[in-house]
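Participant: The structure's right below; bear with me while I get my questions together.
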Amino acid sequence: MMMLRFDNIMEGNMHRKGVILVALAALLLAFVTIPSFSQTSGRIAGVVTDKETGEPLAGANVLIVGTSYGAATDMNGEFLILNVSVGTYSIKATYMGYADVTQENVIVNIGLTTRLNFEMSSKAIQAEAVTIVAPKPLIQPTSTNASRIIDASEIANLPVRGVDAAANLQPGIIAQDGEIYIRGGRSDEVTTYVDGASVRDLMTGDTRGTVIPEALEELQIQAGGYEAQYGGANSGIIAMAIRAGAPSYQFSVRGETDNFAEYGEKFLDTYSRHYSDYSVTASGPIPGLGDHFRFFVAGENQFIRDRDIMFWEPFTLKDGQILEDGSALSLADNGSSGGLVGEVVPNGEITWGGVHPQFNWNNTFTYNAVITADFKNLKFRFSGIGSYEKEPSDGFDLHEQFSGRYEMQQSSFQTYTLKMTHILSPKTYYEISGIYHDGRVKWWDPDFKENYWVYRDSLANAEIGYDNFSSYYGYSGVGPNYYNLYGFTFERPGTRNSDYGFTHRSYIGGKLDFTHQYKRHQVQFGGDFQLWDMRRYVDLYFDIQALRDDPDKLNNYANDPETFEKWARNIRDNVYGYDRLGNRRDDLSPWDQARKPLIISAYLQDRYEYKDLIINAGLRFDYHNMDQYEPDDYLNPAVDATNNSLDPDGWSKVDPFTSISPRLGFGFPVTDNTVFHMQWGKFVQMPQMTQGYRSQSMIYKQLYGGYFYSDPVAFVTEPEKTTQYEIGFSQMLGTNASFDATLFYKDIKNQLQTRRVFTSSDAVATSYDMTQNGDFATTKGMEFRFTLRRTSRIQGWVNYTYSDARGTGSYVTQSSASLDQGTSQVAIITPLYFNQTHKGNFSVDYRFDKGDGGPVLEQIGLNLMFNFSSGHPYTLSTGEIGQNAASEGGVLEDYDARARRPLEPVGASTTPWQFTLDARLDKTLNFGRFDITVFAYAQNLLNTKNVINVYPRTGSDTDGFLNDPNLSGTIIAAQGQGYAELYRKMNNGNRQHYFTNFRGEDLWSRPRQIRAGVMINFQ
């Protein structure tokens, strides 16, 4: 078998029998979750001493108030309580003849040790019990890497809504164009865990689950350097724990809105998007089941009428209005797109306001729930998160404003986790977890819904009022032909903007973790797995007309489904896991079957703690079987041109990949106020699999068609590999302030890229592109954080990140255009487009506490947050108009960059700096057990119009097309001044050609948003 490799893709492979043995061993460990940040618990450790003499007190009892957890001190007065759920507790120490000591507000974090020392006085000296309120720690002395921890109370005071928005503020994280990048890795290298369950979509790398802010117990962000127990993320982990049930009944209700004006009317120099967000929580013991069972549940509904919060430039163009040159604007169809010549657009005008006029809403329902059962040595925790979202697509496209018929899309994502913890002794316990994750997306025409057979039927469309809908004959069956105005096309009423289809991606997972404390060593070992089931369906598109034109063929196919399936499989789209009529099937060809990748891991880890010295050493094994097939001969891939298919005899299943990843971390004090940490580790992760799963017909057409594909298939997808180094320290400044600084360096290999394969002279297939591992990158930088505990009413922080991320490709398909032009594969190191050299924010919170400031100022708070960024790299370029439509002008697009020629080294220029100021004002009132908080906040308070992306031709937020007669002169001469007027309104003011041709989310940052609301807490 001939196997073409551009690098050593077999590195790390083991003999097949060895793989099976190790995989089975890991599976035995994994009884019912995932390669995950599975912990939702930490530890409490410390020393109990005599306050007067300093001598250790052996046999003292240390208890977590309200729970069955506790420990007795040893001969050295030391105690250790394992497996404490994340949260805030009161810890009580008792000893015969001594006054009890209780420390309140003790915080336990995910995976960390909370240090707690007790000094006890004899009852002869101190008769009364002592209660101490512990301040929130400003540094994490037991962490061996940079770990950022946020709780719900901190988020509540910020001028943001959502856990993700709070996470984006942390050092090392860059949020750009709707994606998150951590320490220079690509966006698909970040994994989010909720209560130990991964909510990363294996196909896209996106996060498919969230926690309602009021349901959050803790948010922890680790920008690399995590222990061997954790995998599946090369850049960073975002871990969230949901609140558990309280011992008494509690509930909250919260609502916020921007409905201060009519939709489309200006208010304080901005617009209401008719946004609303309502949430409710409830918590307490489950009635009738005693103290052993508790529950927590939260629900949220968020609605927004205009989800694309953007700077728009309102305009109205009317048929016959006089232009600058004295000519009259015509809004009548010129017939160039096959429409009715002379037909004027509805109402004789094209208009756009400060908000989207129609069909751009989003409605999302989210729920979080936890049920716990505590039987002392046996504990159960069930958690579930889910979201249901519905919206029309393509909301900001001005070209569709007359259609009134948008594609509808609905999605649902749910993750359920059941964990059992069995405590064998005070020093030994194990956890067994089971997880089920389910993700579904569906899209359809709002009129015909699932009856896609009549989507292109002119009679069926006429019956529901679209009497101008063309017949189903020919490609025009997508709907009525467009209005064409000076080369700008607009959809006619009734134009259908949707096909019918759906995806279903789910996994089951299992995990076992065993923990034993041996003297000062915490030894852990375990294993986990994910077994995915991935399916996709799209209707027969306009090929339905072939069946409608030939009823006998349809009848014959109905009697002979296998023949029908063979014919239908030649249709263009990517369908697997279903037959071509949408029926779930598991007996199809290897390429058309449901894809079932399997990921297994096992680990061994030792955490050594002596006083403040921490040593974390571990080893991780990862097994990836991605259920892919590759040609035996890449230079002559086996295709069957007669049957428009692939020849299975010339293809083989890709062998699984295995990896061993050692990790080593240190944490140690230099002084009582200074703690250093160091970390080194190797990490592996599967990249997103968008290119890896394609149907037989899609692969055949890419191999045999000879056309340019900007997003080609991946036959073999290997794990990406990262080696990371980190060193940092934390420093207390007095008792109320601290700062920490971390230096990092990462060496990233095996990222996906596009490659060109030149087939042999006797091959049936043409030369083709494919996606394969090959890109590499190096990133380095520094993270800094200064924190001020509330002092004289002021609390605040400063976050700053310096980063330098360079590599051979910023995204998978960056080199596709150059390959199509015969240019050699790019292998030079250039700045990555998502790198931001300087990024940071600082927050100041000024707040009057309860009983402070008098009746007016009592419990009033003001939070100001300033954000800044130095921009990101781009390449100044030139090029011809190429295949651009007249309405697109001279844009040099991202998705097909074959017409683009760089004028400088790649990534040599940088977009402008960006600055925003956000603010929040709130006041809390107390009525018995009720706390009522009223608040208002503004994002981008100064309404700053930051330039966040630019046109590569000009390096600015204007494309320069109309001002360059060499580009636009010929078109304006042919189309007239009406073309220039439409271009100014549609493109220069409202970026229509930018949205369809560039990867960037927008040219400008979001405008000012003002929201107000109320929060009611009962506890």
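Participant: If you take the residues in the range 343-364 that are of a type outside the set (A, V, I, L, M, F, W, C) and farther than 25 Å from residue 272 by Cβ, which one is nearest to the chain's Cα centre (by Cα)?
Facilitator: So the residue we want is 346.
Participant: Here is a follow-up. So for the range 722-739 (the condition being at pLDDT 90 or above, closer than 30 Å to residue 631 by Cα and assigned to a strand (DSSP E or B)), does at least one residue qualify?
Facilitator: Yes, that holds for at least one residue.
Participant: Cβ contacts < 9 Å: first residue more than 19 Å from residue 885 (Cα to Cα), restricted to the range 949-962; second residue of a type in the set (Lys, Arg), any location; separation 6+ or different chain. Result?
Facilitator: 949/999; 957/945; 957/991
Participant: Within the range 642-695, count every residue that is β-branched (Val, Ile, Thr) and open to solvent by less than 60 Å² (accessible area, probe 1.4 Å).
Facilitator: Adding up the residues that qualify gives 6.
Participant: Further question on the same structure: Could you say which residue among 146, 156, 167 is out of contact with any His (no Cβ under 7 Å at 6 or more places or on another chain), aliphatic (A, V, I, L, M) and surrounded by fewer than 20 Cβ atoms within 10 Å (Cβ to Cβ)?
Facilitator: Unique residue meeting the criteria: 156.
Participant: Follow-up. What's the total number of residues in the range 339-382 that are on the phi > 0 side of the Ramachandran plot and not in a loop (DSSP other than H, G, I, E, B)?
Facilitator: Residues that pass the stated criteria total 2.
Participant: Let me ask something additional. Could you tell me which of the residues 57, 63, 80 is more than 17 Å from residue 130 (Cβ to Cβ), out of contact with any Pro (no Cβ under 6 Å at 6 or more places or on another chain) and among the aliphatic types (A, V, I, L, M)?
Facilitator: 80
Participant: Continuing with the same structure: Counting only residues that are surrounded by fewer than 16 Cβ atoms within 10 Å (Cβ to Cβ), give me the helices (runs of 4 or more DSSP H) lying completely in the range 935-1010 with at least 2 of them.
Facilitator: Of the helices (runs of 4 or more DSSP H) lying wholly inside the range 935-1010, those with at least 2 residues that are surrounded by fewer than 16 Cβ atoms within 10 Å (Cβ to Cβ) span 965-975.
Participant: Taking the range 798-810 on its own, how many of its residues are surrounded by 19 or more Cβ atoms within 10 Å (Cβ to Cβ) and either out of contact with any Pro (no Cβ under 9 Å at 6 or more places or on another chain) or polar (S, T, N, Q) (or both)?
Facilitator: Summing the residues that are surrounded by 19 or more Cβ atoms within 10 Å (Cβ to Cβ) and either out of contact with any Pro (no Cβ under 9 Å at 6 or more places or on another chain) or polar (S, T, N, Q) (or both) in the range 798-810 gives 6.
Participant: Between 362, 377, 347, 368, which is touching a helix residue (DSSP H, G or I) at 6+ places or on another chain (Cβ under 6 Å) and more than 20 Å from residue 313 (Cβ to Cβ)?
Facilitator: Exactly one of 362, 377, 347, 368 is touching a helix residue (DSSP H, G or I) at 6+ places or on another chain (Cβ under 6 Å) and more than 20 Å from residue 313 (Cβ to Cβ), namely 368.
Participant: Against the condition at pLDDT below 90 and either open to solvent by less than 10 Å² (accessible area, probe 1.4 Å) or not aromatic (Phe, Trp, Tyr) (or both), how does residue 122 come out, does it pass?
Facilitator: yes
Participant: Shifting gears a bit: Please identify the pairs in which a residue from the range 763-790 that is open to solvent by 50 Å² or more (accessible area, probe 1.4 Å) has its Cβ atom under 6 Å from the Cβ atom of a residue that is hydroxyl-bearing (Ser, Thr, Tyr) and assigned to a strand (DSSP E or B), counting only partners at least 6 apart or on another chain.
Facilitator: Filtered contacts from the range 763-790: 780/745; 782/802; 784/800.
Participant: If you don't mind, there's one more thing I want to ask. Please go through the range 414-440 and pick out each residue that is among the small types (Gly, Ala, Ser) and open to solvent by 30 Å² or more (accessible area, probe 1.4 Å).
Facilitator: 425
Participant: Exactly one condition in (1) open to solvent by less than 40 Å² (accessible area, probe 1.4 Å); (2) outside any loop (DSSP other than H, G, I, E, B) is not met by residue 227; state its number.
Facilitator: (2)
Participant: Show the residue pairs that are 6+ apart or on different chains and have beta-carbon atoms under 7 Å apart, the first residue being within the range 498-516 and closer than 30 Å to residue 391 by Cα and of a type in the set (A, V, I, L, M), the second being assigned to a strand (DSSP E or B) and open to solvent by 40 Å² or more (accessible area, probe 1.4 Å).
Facilitator: 508/436; 508/531
Participant: Every residue in the range 905-934 that is closer than 16 Å to residue 1003 by Cα and assigned to a loop (DSSP other than H, G, I, E, B), please.
Facilitator: Answer for the range 905-934, where residues must be closer than 16 Å to residue 1003 by Cα and assigned to a loop (DSSP other than H, G, I, E, B): 911, 912, 913.
Participant: Here is a further query. Just give me the residues in the range 990-1009 being modelled with pLDDT of 90 or more, out of contact with any helix residue (DSSP H, G or I) (no Cβ under 9 Å at 6 or more places or on another chain) and not aromatic (Phe, Trp, Tyr), in sequence order.
Facilitator: 991, 1005, 1006, 1007, 1008, 1009
Participant: Follow-up. Among the residues of the range 177-189, is there at least one that is polar (S, T, N, Q) and at pLDDT below 90?
Facilitator: For the range 177-189, residues polar (S, T, N, Q) and at pLDDT below 90: absent.
Participant: Can you pull out the residues in the range 28-64 that are at pLDDT 85 or above, in a loop (DSSP other than H, G, I, E, B) and in contact with a Phe, Trp or Tyr (Cβ under 7 Å, 6 or more places away or on another chain)?
Facilitator: Correct list: 57, 60.
Participant: Mind checking which residues of the range 869-887 are open to solvent by 30 Å² or more (accessible area, probe 1.4 Å), modelled with pLDDT of 90 or more and under 25 Å from residue 397 (Cβ atoms)?
Facilitator: 874
Participant: May I pose another question? When only residues in the range 97-111 that are among the β-branched types (Val, Ile, Thr) and over 17 Å from residue 138 (Cβ atoms) count, which is most open to solvent (accessible area, probe 1.4 Å)?
Facilitator: 102
Participant: Same structure again: Let me spell it out: the conditions are (1) in a strand (DSSP E or B); (2) over 17 Å from residue 417 (Cβ atoms); (3) under 12 Å from the mean Cα position of the chain (by Cα), and residue 193 meets all of them except one. Which number is the exception?
Facilitator: That leaves (2) as the condition not met.
Participant: Right, another one. For the range 873-930, which residues satisfy the criterion of being touching an Asp or Glu at 6+ places or on another chain (Cβ under 7 Å) and under 30 Å from residue 251 (Cβ atoms)?
Facilitator: 924
Participant: For the range 614-646, which residues satisfy the criterion of being over 31 Å from the mean Cα position of the chain (by Cα) and not in a loop (DSSP other than H, G, I, E, B)?
Facilitator: Matches in the range 614-646: 614, 615, 631, 639, 640, 645, 646.
Participant: Can I ask one more? Does the range 70-88 hold any residues that are under 26 Å from residue 669 (Cα atoms), open to solvent by 20 Å² or more (accessible area, probe 1.4 Å) and of a type in the set (Ser, Thr, Tyr), and which are they?
Facilitator: Listed by number, the list holds a single entry, 88.
Participant: Here's something else I'd like to know. Name the one entry in 141, 137 that is closer than 29 Å to residue 1015 by Cα and not basic (Lys, Arg).
Facilitator: Result: 137 is the single residue among 141, 137 that is closer than 29 Å to residue 1015 by Cα and not basic (Lys, Arg).
Participant: In the set 235, 252, which member is surrounded by 15 or more Cβ atoms within 10 Å (Cβ to Cβ), small (Gly, Ala, Ser) and modelled with pLDDT of 95 or more?
Facilitator: Only one candidate passes the filter, namely 252.
Participant: Among the strands (runs of 3 or more DSSP E) lying completely within the range 244-336, list those that include at least 3 residues that are over 27 Å from residue 1005 (Cβ atoms).
Facilitator: Here the list reads 250-257, 276-285, 293-304.
Participant: If you don't mind, there's one more thing I want to ask. For residue 526, are the conditions met, namely being farther than 19 Å from residue 439 by Cβ, surrounded by 20 or more Cβ atoms within 10 Å (Cβ to Cβ), touching a Lys or Arg at 6+ places or on another chain (Cβ under 8 Å) and modelled with pLDDT of 90 or more?
Facilitator: Here the answer is yes, as residue 526 does meet what is asked.
The values are calculated or read from the model by the stated rules, or taken from the named source; none is laboratory data. On a predicted model such as this, the values are computed, not experimentally measured, just so you know. Positions of Cβ are backbone-derived with ideal geometry, glycine not excepted, and every protein chain shown enters the neighbour counts. SASA here: full protein model, heavy atoms, side chains in, ligands and nucleic acids out. Shrake-Rupley method; radii C 1.70, N 1.55, O 1.52, S 1.80 Å.
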